[in-house]
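Only one structure is covered here, and it is reproduced in the block below.
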Amino acid sequence: LAHVAWRALYQQFAAPEAVTDAASEDIALFTHADKQLHCMDRELRHPCVRELKGYIDNKASAGNATAALDCVRGVLASSDDYWVLKNMTHLLLDLDTVNHTFDTGSRDNDFVTTGLQFAQKLMHHPECMSDFDQKSELECRCVPLYAKVATLKMKNAGKTEEARALFDKVTSMAWNGNVRTYAPGDAVPWDDFQHTPQIWVRGLRSQVIWPRESWGDLPICSRLEENFETIRDEVAASLRNEADSGFEDAYRFLYERGEWNRVMLYHGREFTEECETVFPKICALLKQWLPSKPGLPWTSDQNEQVMIIKMKVGTDVETHSGPSNNILNIHLGISGLKGAKLIVANQTYEWEEGKVIAWDGSYDHRVHCLECTQERVIIMARYMHPDMGPAHYRGIARTHFEDVPLEMQ
């Protein structure tokens, strides 16, 4: 019962200090010190470190795989500790690591399956369920978060029926707590099997693609097209000097092979140094357009962002989705677009030079450059849903991202 010895450690899990001492070999496979984790506010401490390390060091060894699986399955069967369940979910489903570890070569294997079992056990844990009472609807609650994670992992593994069964179960659940009560189907009000963000804002239009006739509500779309030449030329200049332009890995945990890079221009309501110095003309335009709804609290740090994204030939990004249904993705095609594909809710779209695709990033989507002939380059703006207004914050003290002003509560 290895989990018993770990309980005290896991109760202190939220402490953000890095694992750097010799004991790290016994409590964590991956650490921030070794630059192996992308979630900077948490460590990934867990049992079965030695057994799992033996497997990772020699995946060809059937004995090592058996020892590792026996250990994690024993923890699954015996532990009801919230942090053990949560961290084993994150570990085996490769949620926190920079590089894929347990699903390399196959999204459907014994380690991924066990990770999904940890996720489902976690969702039934009282501490997970209590988020329905303890957190507002505009915060990230445990059940919808891990239901989303699990259904996406199942979809990427080709387990569509299992994903559908979990979706049906979660979207029919009720909650009768001390603070809030939800009727069956109202606790997690997802409206489509392909539409499962962890934060659901009620009362917003749901549509996969926002057609040109709706752009009166999305003025940034027309403005991007109108200024395409300026944007294209400044981006092209940055690509001739990539080393000094600020490009970095983009969401490395979402793809196994290829290269996907970005440079952020606008983030956290601030224009970046790269925006000001490398892309000054684009930056001047963005300052006229953003933020789109000054004064409205964000539900996520992604509520409004702008970035230049480039993807190399051969890159294939797995199916994923955004954190909230109040964030729209606005793409302007710049260069290298031939053969590049955007698949949203199982429909395929292609970029055109100087043209915008406006779509809802909280739907399942996948991007690939498997048929590209050169590097694909776009500019993406994440944009607050136009239906958002002060009424969405009444009775709410905090979103996942920030406090709500008293006058809006």
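The values are calculated or read from the model by the stated rules, or taken from the named source; none is laboratory data. On a predicted model such as this, the values are computed, not experimentally measured, just so you know. Ideal geometry is used to build each Cβ from the backbone, glycine not excepted, and the neighbour counts take in all protein chains shown. Please note that ligands, DNA and RNA were not included when accessible areas were found on the heavy atoms of the full protein model with its side chains. Shrake-Rupley method; radii C 1.70, N 1.55, O 1.52, S 1.80 Å.
Quick notes
- Look at (1) buried (at least 21 other Cβ atoms within 10 Å of the Cβ); (2) more than 19 Å from Met173 (Cβ to Cβ) and you find that Cys142 fails only one, number (2).
- With respect to the stated conditions, Leu296 fails to be assigned to a strand (DSSP E or B), among the aliphatic types (A, V, I, L, M) and either within 24 Å of the chain's Cα centre (by Cα) or surrounded by fewer than 18 Cβ atoms within 10 Å (Cβ to Cβ) (or both).
- A single entry from Glu25, Glu43 fulfils the requirement of being over 15 Å from Leu85 (Cβ atoms), modelled with pLDDT under 85 and touching a strand residue (DSSP E or B) at 6+ places or on another chain (Cβ under 8 Å): Glu43.
- Counting only helices (runs of 4 or more DSSP H) wholly contained in segment 158-269, the ones carrying 2 or more residues that are within 19 Å of the chain's Cα centre (by Cα) occupy 160-170.
- The residue of segment 372-409 that is least open to solvent (accessible area, probe 1.4 Å), among those that are of a type in the set (Lys, Arg) and more than 19 Å from Trp289 (Cβ to Cβ), is Arg376.
- Put simply, of Gly333, Gly361, Gly339, Gly322 the only residue that is at positive phi and of a type in the set (Gly, Ala, Ser) is Gly339.
- For segment 93-104, the condition of being at pLDDT below 95, open to solvent by 30 Å² or more (accessible area, probe 1.4 Å), of a type outside the set (S, T, N, Q) and closer than 30 Å to Tyr182 by Cβ holds for at least one residue.
- Members of segment 330-358 found to be of a type in the set (Phe, Trp, Tyr) and surrounded by fewer than 21 Cβ atoms within 10 Å (Cβ to Cβ), listed by number: Tyr349
- Flag if Ala77 is hydrophobic (A, V, I, L, M, F, W, C) and surrounded by fewer than 14 Cβ atoms within 10 Å (Cβ to Cβ): yes
- Number of the exception - Phe247 against (1) among the hydrophobic types (A, V, I, L, M, F, W, C); (2) open to solvent by 50 Å² or more (accessible area, probe 1.4 Å); (3) over 30 Å from Ser106 (Cβ atoms): (2)
- Evaluation of Gly158 against the conditions (1) of a type in the set (Gly, Ala, Ser); (2) open to solvent by less than 20 Å² (accessible area, probe 1.4 Å); (3) within 23 Å of Phe102 (Cα to Cα) shows that the sole unmet condition is (2).
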